[in-house]
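The values are calculated or read from the model by the stated rules, or taken from the named source; none is laboratory data. Please read all numbers here as calculations on a predicted model, not as lab measurements. Cβ: placed from backbone, ideal geometry, glycine included. Neighbour counts: every protein chain shown.
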Amino acid sequence: MKLISKVCSIVMSLAIVINCAIPSHASQRITQSDLESKYGSYISEEIVKTDSVSAFEIYHSLSPEARALFDSIILSNKELSEYHLKNVGSLPSLATSKITTQANLTNTLNNLLRQLQLLGLPTAVLYSLESFASSLVAAIADGPLPIGDILALAAAAAVVTTVAIYWDDVYEQWGNIVNAFTSAFPSMRSVITSAFSSLNTDVNTNYQSNHPLQVSAKLIIYNGVKYNCYTDVRSLSVSKLNQNAYYIAVIYNGTIFIDIQRPVDVSIAKGIMLLNKWNVGCLSTQTRARGLCGGNAAIWHNVHDSQDGYFYHYHHPNFKNFHCWYIS
């Protein structure tokens, strides 16, 4: 115990010396002690996984060059520092983050981080994306990257899996995420855009595989819950609907049937929308249907092929198979 105390004393002394040598703009960097005061004494060998994707695995998949860059980003940001400590087990050291020698590279990552934080993304997603960006910055030092290499770096950072977990919170910001990356890497704008298009496809596939939907005539089973869609919408008026809810809807014999007994909230309606099926959608009031499908960006349709009972509806611009019908 005396030896451990002496080592800890030396380490703390070195940390103070290093911290004093850091320029004033880095004075807000988070230390292990800062976070341990919040989380209590921490056993560094204990790995805490609060998400389905392990931050520990993401962090340790980084190359030494990328990890040095990512370390400096973690230490400069309280949100990422707290997340890293909880999920990886200890903070990186200031000495190994090479802050002063890589200022030009970390500026790119810091600018990207500022843009991403404005989007209100879940911290796990922010961590994954900044890890991915750190790998990009380190890799392009040797020249432009082909799309295959970019996707491989995204896979190492678990971008698809992480984003898919939080897809209902992230999908509205996907275009802004792409814009943030193309702004950060303007010389690779085209290939970055193509890579994110591929990632978007994979995220949707991953999300759908983890949110099973079964359709049997008018019976819908979504995430294990049964919806008996036996009410023909043609028999309804808007006054019979819960004005603050949505209803699971299915196309059957050319018209729309809903489960009038089981209204759902917007989170369930979003989940159905993200599955992007043409024959299973939602029904609500016009205002709520439009809001679910992107507000001002929503795509309005009257009917398709003049089908009887095929009500007015909206499509989301990113999920064009999905319908949200409405009664007005």
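See the values below:
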| read-out | value |
| --- | --- |
| Meets criteria (under 20 Å from residue 318 (Cβ atoms) and within 27 Å of the chain's Cα centre (by Cα)) for residue 271 | yes |
| The range 143-171, subset without any contact (Cβ under 8 Å) to a residue 24 or more places away in the chain and outside any loop (DSSP other than H, G, I, E, B), residue surrounded by the fewest Cβ atoms within 10 Å (Cβ to Cβ) | 148 |
| Single residue of 295, 271 found to be surrounded by fewer than 21 Cβ atoms within 10 Å (Cβ to Cβ), within 16 Å of residue 320 (Cα to Cα) and without any contact (Cβ under 8 Å) to a residue 60 or more places away in the chain | 295 |
| Where residue 123 falls short, out of the listed (1) among the hydroxyl-bearing types (Ser, Thr, Tyr); (2) surrounded by 21 or more Cβ atoms within 10 Å (Cβ to Cβ); (3) free of Cβ contacts under 8 Å to residues at least 60 places away in the same chain | (2) |
| Test result for residue 222, in contact (Cβ under 8 Å) with a residue 24 or more places away in the chain, hydroxyl-bearing (Ser, Thr, Tyr) and buried (at least 20 other Cβ atoms within 10 Å of the Cβ) | no |
| Odd one out for residue 223, checked against (1) of a type outside the set (Phe, Trp, Tyr); (2) modelled with pLDDT of 90 or more; (3) within 23 Å of the chain's Cα centre (by Cα) | (2) |
| Given (1) closer than 30 Å to residue 115 by Cβ; (2) in contact (Cβ under 8 Å) with a residue 12 or more places away in the chain, index of the condition residue 227 fails | (1) |
| Any hit, the range 122-130, residues being in contact with a helix residue (DSSP H, G or I) (Cβ under 6 Å, 6 or more places away or on another chain) and at positive phi | no |
| Subset of the range 228-285 (residues that are in a loop (DSSP other than H, G, I, E, B), among the polar types (S, T, N, Q) and closer than 30 Å to residue 201 by Cβ) | 276, 279 |
| Qualifying residue in the range 307-316 (condition: modelled with pLDDT under 90, among the charged types (D, E, K, R), in contact with a helix residue (DSSP H, G or I) (Cβ under 9 Å, 6 or more places away or on another chain) and over 30 Å from residue 202 (Cβ atoms)) | yes |
| Check on residue 163, under 19 Å from residue 270 (Cα atoms) and modelled with pLDDT of 95 or more | yes |
| Count of the range 188-225 residues which are closer than 23 Å to residue 130 by Cβ and in contact with a helix residue (DSSP H, G or I) (Cβ under 8 Å, 6 or more places away or on another chain) | 16 |
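Per-residue answers, yes or no, for (1) in a helix (DSSP H, G or I); (2) within 25 Å of residue 165 (Cβ to Cβ); (3) modelled with pLDDT under 90; (4) under 21 Å from the mean Cα position of the chain (by Cα):
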site: 56; (1), (2), (3), (4): yes, yes, no, yes
site: 62; (1), (2), (3), (4): no, yes, no, yes
site: 70; (1), (2), (3), (4): yes, yes, no, yes
site: 74; (1), (2), (3), (4): yes, yes, no, yes
site: 79; (1), (2), (3), (4): yes, yes, no, yes
site: 86; (1), (2), (3), (4): yes, yes, no, yes
site: 90; (1), (2), (3), (4): no, yes, yes, no
